[in-house]
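Comments concern the structure below.
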Amino acid sequence: MHGIVHQSLKRYVVEKTDERSWQAVLERSGIEPKLYLPVTHYDDAEFDTILETVATMSNHERAAVERDVGRFLAEPLLRTFRGHIRPRWDLLTLLDSLEEIAEDLRSKRAETEPPTLSCERIEGGGDGDGDGAGADTGVRIGYTSERDYCALAHGILEGIVTEYDETGTVEKVACVHDEREPTTESVENVDGDCLFRVVIEE
């Protein structure tokens with residue numbers, strides 16, 4: 001996993017609590033303290049273990065903590081990969097381009113393993129029926145990854161909306177890891193293990 005994720009997880013814990021709490025998390029996780037470098041890759045299992053420990057120590061569900069970390073992670077991700085984002089892009093264009101950006105990262109950096117994304121613009125109405133001229137617009141995004149960080153992806157999308165200073169919602173439409181069946185909408189329009197609908201208020 002890219003070092004920016006581990007580095008951001010540490011910053012998240014320290015900013016929410018303090019440095020001593022981070023050291024306590026590491027001790028309880030059985031992980032030796034280290035300097036996380038954004039250009040280095042680290043073991044996914046270490047990230048998972050720390051997340052589980054934070055969830056246990058804070059008395060929160062693992063998915064809730066993971067999603068909150070995702071919100072925190074959005075800003076450093078946008079900063080780190082700003083070379084793939086055109087200055088003139090608005091939020092919807094960026095969201096619609098995430099599939100292209102992920103493929104570009106995968107092709108240019110052999111050690112980088114971004115998730116597979118599938119994106120489709122929603123024009124008007126927010127539900128994809130195309131009948132809501134002048135209404136909210138958005139993007140459907142399908143997420144697939146062997147890492148299974150759907151909650152992290154959910155939070156990152158929410159964080160991106162916040163970073164662009166927009167008002168909108170990020171809804172998880174369906175997920176193979178949930179008990180509920182995928183909706184007809186999700187199956188017909190985008191591919192992915194986890195499917196999100198981002199709607200931006202106009």
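Do the conditions hold for R62, that is, is it closer than 25 Å to L98 by Cβ, open to solvent by 50 Å² or more (accessible area, probe 1.4 Å), charged (D, E, K, R) and at pLDDT 95 or above? Yes. The sole residue among R88, R67 that is closer than 19 Å to V170 by Cβ and either modelled with pLDDT of 95 or more or exposed (fewer than 14 other Cβ atoms within 10 Å of the Cβ) (or both) is R67.
Go through the residues of the stretch 34-53 one by one and say whether even a single one is polar (S, T, N, Q) and more than 26 Å from L117 (Cα to Cα).
Within the stretch 34-53, one or more residues are polar (S, T, N, Q) and more than 26 Å from L117 (Cα to Cα).
Scanning the stretch 91-111 for residues that are of a type in the set (D, E) and either open to solvent by 60 Å² or more (accessible area, probe 1.4 Å) or touching a Cys at 6+ places or on another chain (Cβ under 7 Å) (or both) gives D96, E99, E100, E103, E111.
Search the stretch 192-202 for residues being surrounded by 14 or more Cβ atoms within 10 Å (Cβ to Cβ) and in a loop (DSSP other than H, G, I, E, B), and hand back the single one that is modelled with the lowest pLDDT.
G192
Here the stretch 41-51 is the region considered, the condition is being open to solvent by less than 90 Å² (accessible area, probe 1.4 Å) and of a type in the set (D, E), and the residue that is farthest from the chain's Cα centre (by Cα) is E46. Scanning the stretch 151-186 for residues that are open to solvent by less than 50 Å² (accessible area, probe 1.4 Å), at pLDDT 95 or above and not acidic (D, E) returns A151, L152, A153, H154, G155, I156, L157, G159, I160, V161, V170.
The residues in the stretch 1-19 that are closer than 11 Å to Y42 by Cβ and outside any helix (DSSP H, G or I) can be counted, and the count is 2. V14 passes all but one of (1) over 17 Å from G159 (Cα atoms); (2) under 17 Å from the mean Cα position of the chain (by Cα); (3) free of Cβ contacts under 8 Å to residues at least 60 places away in the same chain; which number fails? Among (1) over 17 Å from G159 (Cα atoms); (2) under 17 Å from the mean Cα position of the chain (by Cα); (3) free of Cβ contacts under 8 Å to residues at least 60 places away in the same chain, V14 violates only (2). So, in the stretch 91-118, of the ones that are within 17 Å of G159 (Cβ to Cβ) and touching a Leu at 6+ places or on another chain (Cβ under 9 Å), which residue ends up modelled with the lowest pLDDT? Ranking the candidates gives P114 first.
Just one of R140, R121 is modelled with pLDDT of 90 or more, of a type in the set (K, R) and either surrounded by fewer than 16 Cβ atoms within 10 Å (Cβ to Cβ) or assigned to a loop (DSSP other than H, G, I, E, B) (or both); which is it?
On the way: R140 fails: either surrounded by fewer than 16 Cβ atoms within 10 Å (Cβ to Cβ) or assigned to a loop (DSSP other than H, G, I, E, B) (or both).
Step by step, each of R140, R121 is checked, and only R121 is modelled with pLDDT of 90 or more, of a type in the set (K, R) and either surrounded by fewer than 16 Cβ atoms within 10 Å (Cβ to Cβ) or assigned to a loop (DSSP other than H, G, I, E, B) (or both).
The values are calculated or read from the model by the stated rules, or taken from the named source; none is laboratory data. What you are looking at is a predicted structure, and each value in this text was computed from that prediction instead of being measured. All Cβ positions, glycine included, derive from the backbone under ideal geometry; neighbour counts span all protein chains shown. Areas reflect the complete protein model, heavy atoms only, side chains present, ligands, DNA and RNA absent. Shrake-Rupley method; radii C 1.70, N 1.55, O 1.52, S 1.80 Å.
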